[in-house]
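In what follows, a structure is listed as structure tokens, so that the remarks can point back to it.
Every number in this text was worked out from the coordinates using simple rules, so none of it is lab data. Values in this document were obtained by computation on a predicted structure and should not be read as measured data. Cβ placement follows ideal geometry from the backbone for every residue including glycine, while neighbour counts extend to all protein chains displayed.
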Amino acid sequence: MESNVSSSLNVTSAPTHFPQLNTTGDINATVKPFSVFDGCEGQVEGILFDLTLQCINFFIGIPANLLVLAVLIRNRKEPSTSDMFLGCLAFMDFYFSAMPPLHFINLYHWQSKEMWSALKFSYGVKDTSGPLFLSCICLDRFVAVLLPIQFGQLRHIKYRLSLSVLVLCLTFAYSAAKTVGGLPNFEKVFTGEILATFTWMVMCNVSIMWALKRSRSAGENEMHPMNRKAFKMVLSILCIIVFNYLPPVALFPIEDYYSPDVFRCYVQPVGFAFLNISSTIQPLVYLGRLEKVPFLSDACVKKCCSRVPAANNKITPEENLNSRDLLQ
């Protein structure tokens, strides 16, 4: 069974084992009681830092993700191609954001292995659904901008539905395996996943920005206002991807520079805290680029969102396709 300290927050990057009776040891040896802080009882600062950020998910991420779902449902008659991926991501982030109270209660009151298994499942959902659905969104926008003809042929919902089902199956399979535990080298699955998705997302967004930068019409020195808005939006998303996903990626090469206790009690929880807080940042970024947010006044929206003046120039069909699909 499992008891590595990193499990207190996000046990993806390290296998965890609850204490087991050593049958080959001394007969009078006592079994150590189960504790989710096992090995870090005196070094809980990193764990509490992660849980503090997860409390932001609870108070801000839950309403933000519910609002994203409400917007997507309201716009279901005129959906964008990425709405299915955005909806699945918002639902998974909502589920993960609801976990911190249970985690705190289990840490300081219940000390339940069964509850910890349920919490591990939620961490598996977060570890897999976030990077994979974001990668799907990046893929959708990458094709829209760089391969507009093929994008027009692939607009049917069946392609997004099939990809979403595949991601959900991978997510639940990974989460179930994490909950069961004991699989050899299981942590390498997350290592490969996060490295691949991070590289893909950065490559997609850089390629989109490069394409938008080159999409100036003949004789123009500046990008069209709509393309410029799309460029700034993609740049902000790229910065958020780097902020949320670079810290856990950077953990792998530096692990050997720290002692095992320092790494799992301080370095790893802090690194994964940046990944976990994405459950709040992602829906806020989506809401921030909407012209009108349901249930919020125009004055509130104007404070949070900068509006780009309407362009008087004509928009070519290609520019309209690329920018519209990005901005939706």
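Express in nm, to one decimal, how much length is gained between VAL189 and ALA177 on full extension, taking 0.36 nm for each residue of separation and deducting their alpha carbon distance.
Values: separation 12, 0.36 × 12 = 4.32 nm, distance 1.08 nm.
Answer, rounded to one decimal: 3.2 nm.
Across every pair of different alpha-carbon atoms, what Kirkwood hydrodynamic radius in Å does the range 186-283 reach?
15.6
Report the FRET efficiency, 1/(1 + (r/R0)^6), for LYS158 and LYS77, where r is their Cβ-Cβ distance and R0 is 25 Å, rounded to 0.05.
Given R0 = 25 Å and the Cβ-Cβ separation, E is 0.85.
If you bin every alpha carbon distance in the range 160-206 into 10 Å steps from zero, what whole percent lands in each bin?
Here the calculated profile for the range 160-206 is 22, 42, 30, 5.
Normalising by the residue count of the range 130-265, find the relative contact order in percent from Cα pairs under 8 Å and 6+ residues apart.
29
Once the Cβ-Cβ distance between ASP261 and ALA196 is put in as r, and R0 is 30 Å, what FRET efficiency do you end up with, to the nearest 0.05?
So, using R0 = 30 Å, E works out to roughly 0.50.
Where does each of 108-121, 228-241 land if you order them by average Cβ count within 10 Å, highest first?
Put in order of decreasing packing, that is 228-241, 108-121.
Pairs LYS113/LYS178; LYS77/LYS292; LYS126/LYS232: which are spaced more than 21 Å apart, C-alpha to C-alpha?
LYS126/LYS232
Under the definition of Cα pairs under 8 Å and six or more residues apart, what whole-number percent is the relative contact order of the range 66-177?
36
Could you give the nm distance between label points at ALA118 and VAL285, where each point is 7 Å from its Cα heading toward the beta carbon?
For the pair ALA118/VAL285, the computed spacing is 3.1 nm.
According to a simple spin-label model (label point 7 Å from Cα along Cα-to-Cβ), what is the distance in nm between GLN150 and GLN43?
Going from the GLN43 label point to the GLN150 one covers 4.8 nm.
Figure the gain on full extension for VAL165 and LEU69 (residue separation times 0.36 nm, minus the Cα-Cα span) and round it to one decimal in nm.
Result: 32.7 nm gained on full extension.
By average Cβ neighbour count within 10 Å, what is the ranking of 131-137, 287-293 from highest down?
For the peptides 131-137, 287-293, the packing ranking is 131-137, 287-293.
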